[in-house]
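The values are calculated or read from the model by the stated rules, or taken from the named source; none is laboratory data. All values reported here derive from a predicted model rather than from experimental measurement. Neighbour counts are summed over all protein chains in view; Cβ atoms, including those assigned to glycine, are modelled from backbone coordinates with ideal geometry.
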Amino acid sequence: MVTETHEINRGLSGDPQIQLRLDQYKAYLDDLGNIGTRYSTANGFYVSIVSALLAILALARKAEALASFDVLLYIVVPIFACLLCMIWRESMKSYSSLFKRKFDVLREMEKQLPFKPFLREEELRQEHLSQSGRRMIRNDEWIPVILATPFAAVFLYGLWLACK
């Protein structure tokens, strides 16, 4: 594969249009990588905040200082956590849409190149759809919903305590 790529680069270096397209393609790939890094950073941020909120709830019963605010904590923290999870889910949907558009553009750009790796990857995915399952980013969109569920339960418990 490396030899094939080297030969393609060497054979096409005489055509300035193909070299320009290849350079644009590489730049676009770099941009896609940067977006992937932002995606990972955003996920890490949300996981950290949700984990910290969960830790606050876990300490509410044990810490004397927080014990007097337990009803308030059981209402306010879960509301904040659920709102954060909603924002997180929307963020994941936005990234999903952005990645789709980026890959669509890359596939268009590949039409001008000798080998089309993303197009081929999609063909292989379609051939093995039953084995490949859902796209990962679609699964990632459900993580905030799953993590919001315990907070919703704690919120209901907090309401029950407040009405008691």
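Structure above, values below:
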quantity: Close pairs (6 angstrom Cβ cut-off, 6 or more residues apart or separate chains): part of a helix (DSSP H, G or I) in region 15-40, of a type in the set (A, V, I, L, M) anywhere; calculated: 18/12; 25/109
quantity: Near pairs, Cβ below 9 angstrom, 6+ apart or cross-chain, from region 131-158 (at positive phi) to any residue that is polar (S, T, N, Q) and at pLDDT below 90; calculated: 133/139
quantity: Hits in region 107-118 - residues which are modelled with pLDDT under 85 and assigned to a helix (DSSP H, G or I); calculated: 118
quantity: Condition broken by residue 147, with the remaining ones in (1) over 30 Å from residue 27 (Cβ atoms); (2) outside any helix (DSSP H, G or I) satisfied; calculated: (2)
quantity: Residue ID - modelled with the highest pLDDT, chosen from residues in region 7-51 that are farther than 24 Å from residue 96 by Cα and charged (D, E, K, R); calculated: 23
quantity: Check on residue 155, closer than 26 Å to residue 21 by Cα and modelled with pLDDT of 80 or more; calculated: no
